[in-house]
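Asks: This is the structure I have questions about; it appears just below.
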Amino acid sequence: MTIDHKNPPLWSTQQQQALAALKLTLWRSKGSDEQSAIASESTTKTVNCYKAGPWLFVSAKPLAVDLPVWLRDLTRACSGTAERPAEVSPSAVAEWQQELVLQLAESLPSAADKKALWRHIAHREQ
């Protein structure tokens with residue numbers, strides 16, 4: 001990590017590590033990277049992200065108020081609870097452990113897709 005003396009960090013190193021451990025976005029003061037940050041934010045806004053335990057669900061559309069049965073089952077399997085997945089910032093995709101990111105299909109997944117998904121989840125839990 002390099003230090004930008006023109007724009008000193010808002011957080012100490014220990015605070016930055018704590019924010020990273022909580023998977024919270026590290027905010028920086030506006031500076032020369034402002035345009036790239038705005039551009040990157042606009043591209044990440046095209047997805048909706050939801051946290052279920054250690055897993056991140058990514059969807060092109062927001063989740064319905066009443067989750068389909070298969071998605072409730074998936075949430076329960078991933079988080080260990082029946083609670084609805086919590087929405088998180090789209091920027092979380094870049095920071096999340098990629099093996100724990102699930103891309104949700106817009107339509108009901110086929111039986112083969114469901115089988116592959118369950119195998120992936122079971123493999124990660126071992």
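The values are calculated or read from the model by the stated rules, or taken from the named source; none is laboratory data. Just so it is clear, the structure is predicted and the values come from calculations on it, not from any experiment. All Cβ positions, even for glycine, are placed from backbone atoms using ideal geometry, and neighbour counts span all protein chains on display.
Asks: Being within 19 Å of the chain's Cα centre (by Cα) and of a type in the set (Gly, Ala, Ser): is that true of Ser107 here? Before the answer, list the steps.
Replies: Values: within 19 Å of the chain's Cα centre (by Cα): no; of a type in the set (Gly, Ala, Ser): yes.
Answer is no for this residue.
Asks: Which one of Thr2, Thr81, Thr25, Thr75 is at pLDDT 75 or above and in a loop (DSSP other than H, G, I, E, B)? First the steps, then the outcome.
Replies: Values: Thr2 fails: at pLDDT 75 or above; Thr25 fails: at pLDDT 75 or above; Thr75 fails: in a loop (DSSP other than H, G, I, E, B).
Matching residue, one of Thr2, Thr81, Thr25, Thr75: Thr81.
Asks: Take the residues of the range 46-91 that are out of contact with any Ser or Thr (no Cβ under 8 Å at 6 or more places or on another chain) and small (Gly, Ala, Ser): which is nearest to Leu22 (Cα to Cα)?
Replies: Applying the filter and picking the extreme gives Ala86.
Asks: If you don't mind, there's one more thing I want to ask. Quick check on my filter: what residues within the range 95-107 are under 20 Å from Val65 (Cα atoms) and surrounded by 11 or more Cβ atoms within 10 Å (Cβ to Cβ)? First the steps, then the outcome.
Replies: Of the residues in the range 95-107, the ones under 20 Å from Val65 (Cα atoms) are 102-107.
Scanning the range 95-107 gives Leu102, Gln103, Leu104, Ala105.
Asks: Sticking with this one: When the residues of the range 41-72 are narrowed to those that are in a helix (DSSP H, G or I) and modelled with pLDDT of 50 or more, which ends up surrounded by the most Cβ atoms within 10 Å (Cβ to Cβ)?
Replies: That would be Leu71.
Asks: Now a separate question. If I filter the range 65-96 down to residues being under 18 Å from Arg119 (Cβ atoms) and not acidic (Asp, Glu), which single residue comes out as farthest from the chain's Cα centre (by Cα)? Break it down into steps so the answer makes sense when it comes.
Replies: So the first thing to find is which residues in the range 65-96 are under 18 Å from Arg119 (Cβ atoms), and the list is 70-71, 73-78.
With the extra rule that they be not acidic (Asp, Glu), the set shrinks to 70-71, 74-78.
On the way: Trp70: 20, Leu71: 16, Leu74: 16, Thr75: 14, Arg76: 17, Ala77: 17, Cys78: 14 Å.
Only one residue fits best here, namely Trp70.
Asks: Checking the condition in contact with a strand residue (DSSP E or B) (Cβ under 7 Å, 6 or more places away or on another chain), loosely packed, with under 11 Cβ neighbours inside 10 Å and not acidic (Asp, Glu), which residue from Ala112, Ala86, Ala92, Ala82 passes? Write out each step before concluding.
Replies: Numbers: Ala112 fails: in contact with a strand residue (DSSP E or B) (Cβ under 7 Å, 6 or more places away or on another chain); Ala92 fails: loosely packed, with under 11 Cβ neighbours inside 10 Å; Ala82 fails: in contact with a strand residue (DSSP E or B) (Cβ under 7 Å, 6 or more places away or on another chain).
Going through Ala112, Ala86, Ala92, Ala82 in turn, the sole match is Ala86.
Asks: Checking Trp96 against (1) modelled with pLDDT under 85; (2) of a type in the set (Phe, Trp, Tyr); (3) under 24 Å from Lys23 (Cα atoms), which single condition isn't satisfied?
Replies: (1)
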